[in-house]
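Taking it in order: structure first as C-alpha cells, then the write-up.
The values are calculated or read from the model by the stated rules, or taken from the named source; none is laboratory data. Predicted model only: the values in this text are computed from it and were never measured. Virtual Cβ from ideal backbone geometry, glycine too; neighbours counted across all protein chains shown.
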Amino acid sequence: MAAQGRGGAAVVVGVLLVCVLLSAAAVVEAAVFNVGDRGGWSFNTNSWPTGKRFKAGDVLVFKYDATAHDVVAVSAAGYKACAKPAKGAKVYKSGADRVTLARGTNYFICSIPGHCQSGMKIAVTAA
C-alpha cells in the first residue's frame, strides 16, 4: 500500500513538473530597447536600428528632453516625407515614452519643425 502511495505522489509531481515547464515555455518576454542607446532619442538616430533584431511586442523606450522634442508614430509616407502627423496621430511627449512594436515596419519621427529632416526619425522592422 505504501509503495502505491509513493507511485501516486510521483505521478502528481511529474504532472506538476510538466505543467510548470509548459507554462514557462509559453511565456515570452518582450525585449526592451532604449532608442539611441545612451544618447537617447536625438538627431541622427535614424541608423540606430541597424544590426538589431526586433520582434512584435518588443518595447522601444524613447528618452529625450520633452521641452525640445516629441515622438510620433507615422506611416511609411509620413516617414519618408517627414510630414506633419495626420490628425489623430499618437504624439508622445513625456520624454520617457514606451512604445510596443507591432509586426512589420514601425515608423517614428520627431514632429518639431526641422528635426525629422535632420535625422530624428527611425524605421524599426519587427518580425
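Within region 48-57, identify whether any single residue is exposed (fewer than 13 other Cβ atoms within 10 Å of the Cβ), in a strand (DSSP E or B), under 14 Å from the mean Cα position of the chain (by Cα) and of a type outside the set (Gly, Ala, Ser), and answer yes or no. No. The set of residues in region 70-108 that are farther than 16 Å from SER42 by Cα, in contact (Cβ under 8 Å) with a residue 40 or more places away in the chain and of a type in the set (D, E, K, R) contains only ARG103.
Scanning for something over 19 Å from LYS90 (Cβ atoms), hydroxyl-bearing (Ser, Thr, Tyr), at pLDDT below 95 and not in a helix (DSSP H, G or I), does region 20-27 turn up at least one residue? Within region 20-27, none of the residues are over 19 Å from LYS90 (Cβ atoms), hydroxyl-bearing (Ser, Thr, Tyr), at pLDDT below 95 and not in a helix (DSSP H, G or I). Residue count for region 71-104, restricted to those that are of a type outside the set (A, V, I, L, M, F, W, C), under 19 Å from PHE33 (Cβ atoms) and part of a loop (DSSP other than H, G, I, E, B): 4.
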